[in-house]
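Right, one structure below, let's go through it.
The values are calculated or read from the model by the stated rules, or taken from the named source; none is laboratory data. Keep in mind it's a predicted model, so treat the numbers as computed, not measured. With ideal geometry, Cβ positions are generated from the backbone for all residues, glycine too; neighbour counts draw on all protein chains shown. Note: areas computed on protein heavy atoms with side chains; ligands, DNA, RNA excluded. Shrake-Rupley method; radii C 1.70, N 1.55, O 1.52, S 1.80 Å.
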Amino acid sequence: MSLRQRLAQLVGCLQEPQKVARFQRLCGVEAPLSRSDAAAADPREDEGKAEAPLAGDSRRRERQPGTSGGPQPPRRDRNQCPAKPGGGGAPNGMRNGLATELGPALPRRAGGQRRNSLTGEEGQQAHVSNWALYYLFCFGTELGNELFYILFFPFWFWNLDPLVGRRLVAIWVLVMYLGQCTKDIIRWPRPASPPVVKLEVFYNSEYSMPSTHAMSGTAIPISMILLTYGRWQYPLIYGLILVPCWCSLVCLSRIYMGMHSILDIIAGFLYTILILAIFYPFVDLIDNFNQTHKYAPLIIIGLHLALGIFSFTLDTWSTSRGDTAEILGSGAGIACGSHVTYNVGLILDPSLDILPLAMPPITMTLFGKAILRILIGMAFVLIVRDMMKKITIPLACKIFSIPCDDVRKARQHMEVELPYRYITYGMVGFSITFLIPYIFFFIGIS
């Protein structure tokens with residue numbers, strides 16, 4: 001067997017959904033039994049079939065599809081997405097086969113699964129025997145979701161180190177953008193279900209290869225250590241412990257949730273290492289340009305908008321397009337806000353002569369101001385996001401003559417989704433780096 005054949009065999013092996021399902025079972029996640037499996041496991045079911053049941057027999061009523069209180073006929077899986085044109089027949093985020101029928105007893109749903117607000121999809125019902133692992137991996141997968149980003153990056157700007165925050169965002173934007181575009185170019189579907197149990201379906205309409213959660217979970221901790229070690233005083237061993245723990249938690253959580261194959265995770269990790277190796281040496285140059293160049297805001301806005309339009313032409317609608325516009329808008333807003341903040345002298349980076357910086361002693365005053373900045377800042381961020389959403393969606397629908405009675409359908413048009421996400425999260429990013437620090441300065445908690 002040639003090397004090429006061996007590599008192809010290895011790739012096929014790592015992409016098998018059976019391996020994902022095996023990992024889920026190892027962690028205590030199993031799909032509910034089908035009625036045929038339940039009947040085989042319970043001989044009383046077969047005895048019931050042999051009996052001549054009366055009209056009121058509950059078993060008889062259970063076997064009449066469509067009757068009240070009994071199981072409904074098998075229906076098309078609600079998590080199955082239509083095949084996309086030009087995708088070689090591979091549906092985007094497809095769950096192969098019909099959903100498993102419910103057994104005689106309804107299984108306990110695996111916690112409060114995240115519902116897709118754009119498609120109405122929900123996670124599958126599943127038996128979970130290890131709830132500690134379930135909540136651990138739920139936390140791990142949240143480390144790659146919007147809620148984490150909207151708390152994590154502002155915390156760096158408002159309470160830790162704005163320079164590190166700016167450069168972390170620049171790296172995150174590039175890594176996530178390349179990952180999302182690569183998904184729409186390769187167009188590999190999600191792991192098939194069954195045998196995989198889909199505990200999360202929020203990103204089920206996206207393609208699978210590579211895992212952008214794995215890319216984010218690799219890029220953020222590694223970049224954090226590269227940017228802070230030597231700038232701040234702390235033992236390197238802390239960083240060497242943080243990176244593998246953070247990365248492995250995020251990566252394993254995506255397999256546990258049934259959203260990625262092992263190959264998707266490995267590819268996402270290696271892809272991120274390659275991007276960091278090429279891009280990281282230029283981070284300092286890009287950050288200085290964003291802050292000091294006279295026309296930086298115009299170049300930033302134009303470049304990010306052009307990248308967004310390009311990504312929207314790669315494929316038909318999915319949540320991936322909206323996420324891409326959101327990432328680019330956030331990056332543009334944060335860069336433009338940092339430019340204004342630097343030029344008005346609101347926040348200045350510490351001189352290189354005093355590096356490395358020492359961690360200040362944690363006092364009640366320091367802690368209280370940090371909490372106050374988070375509460376005031378996040379309240380302002382949520383207000384800005386909500387206001388911009390209510391303005392941009394109806395305005396885009398009106399400009400491009402798109403009906404906005406159904407917001408879900410309206411947002412599936414590029415003419416609505418791109419300006420909504422880009423402008424809304426651009427304003428959120430601008431608020432995080434300029435408007436909110438200015439408020440802090442004004443009320444004396446900066």
Checklist entry - Given R₀ = 30 Å, FRET efficiency for Leu236-Ile286 by Cβ-Cβ distance, to 0.05? => result 0.70
Checklist entry - What spacing in nm lies between the two simple spin-label points modelled at Ala132 and Met1, each 7 Å away from Cα in the Cβ direction? => result 3.9
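Suppose a student asked you for the relative contact order of segment 275-380, using Cα pairs under 8 Å spaced at least 6 residues apart; what percent would you report? Walk me through the intermediate numbers first.
Values: 40 pairs, mean separation 30.9, N = 106.
The value is 29 percent.
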Item to check | Peptide ranges 197-203, 327-333 listed from the most packed, as the mean C-beta count within 10 angstrom indicates | outcome: 327-333, 197-203
Item to check | Protein-only accessible surface order, largest first, of Ser129, Ser338 at 1.4 Å | outcome: Ser129, Ser338
Checklist entry - What accessible area, in Å² to the nearest ten, does a 1.4 Å probe give for Arg408? => result 90
Checklist entry - So what's the gap between the Cα centers of segment 121-183 and segment 251-313, to the nearest angstrom? => result 14
Checklist outcome for this item: Kirkwood Rh over alpha-carbon pairs of segment 151-269 plugged into Stokes-Einstein at 20 °C, 1.002 mPa s gives a D in µm²/s of 139
Checklist entry - How many nm separate the modelled label positions at Leu10 and Val340, each set 7 Å beyond the Cα in the direction of the Cβ? => result 5.1
Next on the checklist: Need one number: nm distance between label points at Ala358 and Ile443, each 7 Å from Cα along Cα→Cβ, rounded to one decimal.
Outcome noted: 3.2
Checklist outcome for this item: Among Lys183/Lys294; Lys294/Lys398; Lys19/Lys183; Lys198/Lys398; Lys183/Lys409; Lys19/Lys390, the pairs whose Cα-Cα distance exceeds 32 Å are Lys183/Lys294; Lys294/Lys398; Lys198/Lys398; Lys19/Lys390
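Restricting everything to alpha-carbon atoms, can you work out Rg to Rh for segment 221-270 with a Kirkwood hydrodynamic radius? Write down the numbers at each step before the final one.
On the way: Rg = 13.5 Å, Rh = 12.1 Å.
In segment 221-270, Rg relative to Rh is 1.11.
Suppose we look only past 18 Å in the calculated P(r) of segment 220-379. What percent of the Cα-Cα pairs does that tail hold? Before the final figure, lay out each step's value.
Details: 9688 of 12720 pairs.
Value for segment 220-379: 76 percent of Cα pairs lie more than 18 Å apart.
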Next on the checklist: If every alpha-carbon in segment 194-239 counts as one equal scatterer, what log10 I(q)/I(0) does Debye give at q = 0.29 1/Å?
Outcome noted: -1.10
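Give the peptides 429-435, 413-419, 380-386 in descending order of average Cβ contacts within 10 Å, highest first. It would help to have the intermediate numbers written out before the result.
On the way: 429-435: 24.6, 413-419: 19.6, 380-386: 15.1.
With the highest mean Cβ count within 10 Å placed first, the list reads 429-435, 413-419, 380-386.
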Next on the checklist: Per residue, how big is the convex hull of segment 359-407 when only Cα atoms are used? Give it in Å³.
Outcome noted: 94
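For a Förster distance of 41 Å, can you work out the FRET efficiency between the beta-carbons of Asp349 and Val407, rounded to the nearest 0.05? Display every interim value, and only then the final one.
Working: r = 42 Å, r/R0 = 1.02.
Computed FRET efficiency for Asp349 and Val407 comes out at 0.50.
Suppose accessible area is computed on protein heavy atoms with a 1.4 Å probe; arrange Trp232, Trp188 from highest to lowest. Write out the running numbers ahead of the final one.
On the way: Trp232 45, Trp188 80 Å².
The residues order as Trp188, Trp232, largest area first.
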Checklist entry - Can you list the residues, at least 5 places off or on another chain, whose amide H is less than 5 Å from the amide H of Trp232, using H built in the peptide plane? => result Leu357
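For Lys294, Lys389, give the ranking by accessible area with the largest first, probe 1.4 Å. It would help to have the intermediate numbers written out before the result.
Working: Lys294 150, Lys389 85 Å².
Reading off the accessible areas and sorting them downward yields Lys294, Lys389.
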Item to check | Cα-based Rg of segment 291-446 normalised by 2.2 N^0.38 Å, two decimals | outcome: 1.24
Next on the checklist: Which three numbers, in whole Å and largest first, are the semi-axes of the equivalent ellipsoid of segment 131-183 derived from its Cα gyration tensor as √(5λ)?
Outcome noted: 23, 18, 7
